Amino acid sequence: MLFDIYTLPYLVISAGQESSFYFGLYDEDGDAVSDIACTCDVSEYCNEGAPLASWDVPLERDTGFGSSVLHLSLPADQTLRLGGKYVYQLTMTLNDGSVAEIRKGILYVRRNIAASA
């Protein structure tokens, strides 16, 4: 299957500033999911290759509203030296270790002009 890179979701952050993103997560019936683990890996845009950074992404479940939300938080100290365009990948893994879903997108990091800040 071919995919068009220009249709991937686009996240924009500033290097050295903590950034948070929330992703709603539902099963094929529209119900909130639970019992999964999620990680986010960031790699070079052109060569992808090995991840430059990885984060665990907690799943927040609100039983009152019947929703599940992935809370991706990119710490300031881990984004300070980044700049330019990257690929991010969210990998959802079930309790048995099998991969449930993979989502990719573009992460654009505006370089920090004063890297010592």
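The values are calculated or read from the model by the stated rules, or taken from the named source; none is laboratory data. Quick caveat: nothing in here was measured; it's all calculated off a predicted structure. Ideal geometry is used to build each Cβ from the backbone, glycine not excepted, and the neighbour counts take in all protein chains shown. Remember, those area values only see protein heavy atoms, side chains included, never the ligands or the DNA or RNA. Shrake-Rupley method; radii C 1.70, N 1.55, O 1.52, S 1.80 Å.
Annotations
- Enumeration of residues in segment 24-54 that are hydrophobic (A, V, I, L, M, F, W, C) and open to solvent by 40 Å² or more (accessible area, probe 1.4 Å): ALA37, CYS46, ALA50, LEU52
- In segment 55-100, the residues that are open to solvent by 70 Å² or more (accessible area, probe 1.4 Å) and touching a Ser or Thr at 6+ places or on another chain (Cβ under 8 Å): ASP56, GLU60, ARG61, VAL99
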